[in-house]
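Okay, so here's the structure we're looking at.
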Amino acid sequence: MKIHQLSMFLENKPGRLSEPCRLLADAGISIVTLSLADTQQFGIMRLIVHDWEKARKVLESAGCVVNVTEVVATEVDDQPGGLAKILEVIEQAKVNIEYMYAFTFRSGDKAVLVFRFNDPDAAVEVLKAKGINVIGNVELY
């Protein structure tokens, strides 16, 4: 139950963020969620979209360099300690979290987080074994 995420380097200048967003909009591709991390000179935009293969083609045909990675989305109890519970499960399994960010929607009374693990298959296995709901593409879209 892994999800494909698109990542792109963007120059840290006015208008650079709107360009890929406009390309996707013009192609009729919805952005489900995104994360933007920046430094002084560039940023990394990470996107989860409805049709990642089409999005990659659209962006690459416009000259963007796109990297596809697998991430894992989980439901998290939206209360104090909800995230800590999941982090403890991952820590005990000795799986490394490379980065994480939140979705813009909720699943009932739960928050939804995206994790990039060094070993996503092991992470999915241990999360499911501990009763933590891992969300697939169908639930997202």
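Looking only at the stretch 30-54, count how many residues are surrounded by 13 or more Cβ atoms within 10 Å (Cβ to Cβ), without any contact (Cβ under 8 Å) to a residue 24 or more places away in the chain and not in a strand (DSSP E or B).
Adding up the residues that qualify gives 1.
Out of E98, E70, E75, I need the residue that is loosely packed, with under 12 Cβ neighbours inside 10 Å and either touching a residue at least 60 places away in the same chain (Cβ under 8 Å) or within 26 Å of A55 (Cβ to Cβ) (or both). Which one? Break it down stepwise before answering.
On the way: E70 fails: loosely packed, with under 12 Cβ neighbours inside 10 Å; E75 fails: loosely packed, with under 12 Cβ neighbours inside 10 Å.
Only one candidate passes the filter, namely E98.
β-branched (V, I, T), crowded, with 16+ Cβ neighbours inside 10 Å, closer than 23 Å to P120 by Cα and in contact (Cβ under 8 Å) with a residue 12 or more places away in the chain: does that describe V89? Can you show your working first?
Working: β-branched (V, I, T): yes; crowded, with 16+ Cβ neighbours inside 10 Å: yes; closer than 23 Å to P120 by Cα: yes; in contact (Cβ under 8 Å) with a residue 12 or more places away in the chain: yes.
Yes, satisfied.
Scan the stretch 68-78 and tell me whether some residue there is in contact with a His (Cβ under 8 Å, 6 or more places away or on another chain) and among the charged types (D, E, K, R).
Yes, the stretch 68-78 contains at least one residue that is in contact with a His (Cβ under 8 Å, 6 or more places away or on another chain) and among the charged types (D, E, K, R).
When you check P14 against the structure, is it more than 25 Å from K130 (Cβ to Cβ) and assigned to a helix (DSSP H, G or I), yes or no?
When the stated conditions are applied, P14 does not pass them.
No lab work stands behind these numbers, since they all come straight from the coordinates. Just so it is clear, the structure is predicted and the values come from calculations on it, not from any experiment. Glycine also receives a Cβ, built like all others from the backbone with ideal geometry; neighbour counts cover every protein chain displayed.
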